[in-house]
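Right, one structure below, let's go through it.
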Amino acid sequence: MYELKPENILKHSDKEAVSLNDIWFRYEKSGADVLKGLSLKIYQGEFTAILGGNGMGKSTALSIICSLNKPYRGKVEISPLNKSSFDTLVAVLPQNPQTLFLKKTVLEDLYEVFDGRKISKEEKERRVTSAVKLCRLESLCNRHPYDLSGGEQQRIAIARIILQDAPVIILDEATAYADPENEVLVQKAFEEMAVGKTVIMIAHRLTTVKNADTIYVFENGKIKEAGKHEALLEANGLYGKMWNDYQTSIRWKVGGSK
């Protein structure tokens with residue numbers, strides 16, 4: 001049996017970016033609690049992964065961090081909310097990035113990120129050019145986002161987050177719709193984007209979170225396990241089973257494609 005101990009959560013920072021304390025939440029129609037006394041801490045400058053099966057509360061927890069839902073019990077703290085508005089503090093990449101796009105070309109859509117912000121024209125151009133290059137969007141700038149593949153849309157969404165330059169980044173499976181070629185580009189862009197940021201990611205492809213500072217494994221609205229990849233594998237608990245199942249599925253796909 002895996003025992004959740006403080007030493008299993010390896011902190012690289014003493015400053016909390018996000019804290020959920022005894023969170024209870026239910027959707028009105030279901031009547032059942034989705035989160036049941038959930039508590040977790042995410043530290044500034046760290047990469048935190050959230051894993052678990054369908055219906056275990058992962059996306060609900062993110063929705064509460066994003067203030068899209070409000071718990072009926074418990075406390076949510078995001079630092080430093082007293083110094084910055086939520087929109088400039090947190091950038092969100094949803095699983096379906098189409099919800100981010102406007103009815104404009106890719107380039108126009110990227111410039112739209114600066115609306116209402118006091119930034120010079122030269123600085124806008126410099127930052128957009130850098131984001132376009134980083135996300136390999138040069139050949140897509142004059143096209144409409146809705147005409148592109150899922151992986152290409154995710155690269156645009158990551159470019160938008162780069163331009164937002166928020167200290168906290170929330171990703172709901174950043175490579176969900178990417179084909180193999182786009183997945184590599186998305187992953188490279190993500191690695192550059194995450195430098196110096198606090199990153200919270202829901203992931204289904206476990207290889208994308210292998211190097212996370214802390215992995216939280218959800219089960220039935222609670223945290224079942226928490227720690228780094230190696231420690232969780234050694235514990236041979238729920239995460240170990242998920243990892244073995246994931247590796248088996250990869251081998252099956254590779255074998256089946258031959």
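Go through the stretch 86-112 and report how many residues are part of a helix (DSSP H, G or I), modelled with pLDDT under 90 and of a type in the set (A, V, I, L, M, F, W, C).
3
Within the stretch 128-151, take every residue that is assigned to a helix (DSSP H, G or I) and touching a Leu at 6+ places or on another chain (Cβ under 6 Å) and give me the one that is nearest to Pro94 (Cα to Cα).
Ala131
Determine if the stretch 23-34 includes at least one residue that is farther than 13 Å from Gly221 by Cα, of a type in the set (A, V, I, L, M, F, W, C) and in a strand (DSSP E or B).
So far as the stretch 23-34 goes, no, none of its residues is farther than 13 Å from Gly221 by Cα, of a type in the set (A, V, I, L, M, F, W, C) and in a strand (DSSP E or B).
Glu125 - would you say it is part of a helix (DSSP H, G or I), of a type outside the set (Val, Ile, Thr) and over 22 Å from Val90 (Cβ atoms)?
yes
Given the condition over 30 Å from Leu238 (Cα atoms), among the acidic types (Asp, Glu) and assigned to a helix (DSSP H, G or I), answer yes or no: does some residue in the stretch 153-172 qualify?
no
From the list Arg143, Arg155, Arg127, Arg136, pick out the single residue that is surrounded by 12 or more Cβ atoms within 10 Å (Cβ to Cβ) and in contact with a Phe, Trp or Tyr (Cβ under 9 Å, 6 or more places away or on another chain).
Only one candidate passes the filter, namely Arg127.
Could you list, in sequence order, all residues of the stretch 217-233 that are touching a residue at least 12 places away in the same chain (Cβ under 8 Å), of a type outside the set (Asp, Glu) and touching a Gly at 6+ places or on another chain (Cβ under 8 Å)?
Val217, Phe218, Asn220, Gly221, Lys222, Lys224, Leu232, listed by residue number.
Here is a list of conditions, (1) under 30 Å from Tyr246 (Cα atoms); (2) among the charged types (D, E, K, R); (3) open to solvent by 70 Å² or more (accessible area, probe 1.4 Å), and Asp172 meets all of them except one; can you say which number that is?
(3)
Looking at Ala189, is it open to solvent by less than 80 Å² (accessible area, probe 1.4 Å), under 19 Å from Glu46 (Cα atoms), touching a helix residue (DSSP H, G or I) at 6+ places or on another chain (Cβ under 7 Å) and part of a helix (DSSP H, G or I)?
Yes.
For the stretch 116-147, how many residues meet the condition of being closer than 18 Å to Leu102 by Cα and in contact (Cβ under 8 Å) with a residue 40 or more places away in the chain?
So the answer is 3.
The values are calculated or read from the model by the stated rules, or taken from the named source; none is laboratory data. Everything numeric in this text was worked out from a predicted model, so none of it was measured. Virtual Cβ from ideal backbone geometry, glycine too; neighbours counted across all protein chains shown. Just so you know, the surface numbers come from the protein's heavy atoms only, side chains and all, with ligands and any DNA or RNA stripped out. Shrake-Rupley method; radii C 1.70, N 1.55, O 1.52, S 1.80 Å.
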